[in-house]
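*Asks:* Dumping the structure here so I can ask a few things about it.
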Amino acid sequence: MPLDRKEKGVRVRNINGTSIKTCQCASWLDHWRKFSGRAIPAYCAEMLCTNPAEIGAHVQKDTDSDPNWYVIPLCSAHGAKIGESISLLGTVVLVPTKICEHPGPQHP
């Protein structure tokens with residue numbers, strides 16, 4: 001069954017931090033896979049994008065009430081749009097960066 005790309009989810013703001021290595025997962029995309037319990041999706045998490053998911057990008061919810069950092073699967077194009085707000089598919093799982101079970105500094 002094809003994914004319904006009209007099911008709107010949360011809005012997030014892409015933040016600079018994907019290149020920061022604070023956990024020992026193979027990559028931030030692997031971190032997302034491991035802690036979401038899902039397979040890496042074929043497509044970017046942005047609501048209308050059909051490019052392949054290539055990176056685990058750091059995002060924050062587009063609200064002042066949640067300062068936490070999350071990881072989501074994005075294409076390279078959306079991953080490069082630092083500071084921009086994007087709408088996600090309703091099925092996307094936001095995985096906190098701080099849940100990594102490995103020792104080392106963690107983000108908020």
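The values are calculated or read from the model by the stated rules, or taken from the named source; none is laboratory data. Note that the coordinates shown come from a computational prediction; the quantities given were computed from them, not determined experimentally. Note that we place each Cβ from the backbone using ideal geometry, even for glycine, and neighbour counts take in every protein chain shown.
*Asks:* Condition first: assigned to a loop (DSSP other than H, G, I, E, B) and among the aliphatic types (A, V, I, L, M). Can you find one or more residues in region 54-69 that meet it?
*Replies:* Within region 54-69, not a single residue is assigned to a loop (DSSP other than H, G, I, E, B) and among the aliphatic types (A, V, I, L, M).
Residues are listed down the side, and each one gets a yes or a no for (1) of a type in the set (A, V, I, L, M, F, W, C); (2) at pLDDT 95 or above:
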| residue | (1), (2) |
| --- | --- |
| 14 | no, no |
| 20 | yes, no |
| 57 | yes, no |
| 65 | no, no |
| 72 | yes, yes |
| 79 | no, no |
| 89 | yes, no |
| 96 | no, no |
| 108 | no, no |
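*Asks:* Among the residues of region 34-55, what is the count of those that are among the charged types (D, E, K, R) and free of Cβ contacts under 8 Å to residues at least 40 places away in the same chain?
*Replies:* The total comes to 2.
*Asks:* Looking at (1) modelled with pLDDT of 95 or more; (2) in contact with a Pro (Cβ under 6 Å, 6 or more places away or on another chain); (3) under 16 Å from residue 13 (Cβ atoms), which is the only condition residue 53 fails?
*Replies:* It fails just one condition, (3).
*Asks:* Right, next: Are any residues in region 27-74 among the aliphatic types (A, V, I, L, M) and exposed (fewer than 14 other Cβ atoms within 10 Å of the Cβ), and if so, which ones?
*Replies:* Selection gives 39, 42, 48.
*Asks:* If the requirement is being touching a Ser or Thr at 6+ places or on another chain (Cβ under 6 Å) and closer than 18 Å to residue 96 by Cα, which of these qualifies: 62, 66?
*Replies:* From the options 62, 66, the qualifying one is 62.
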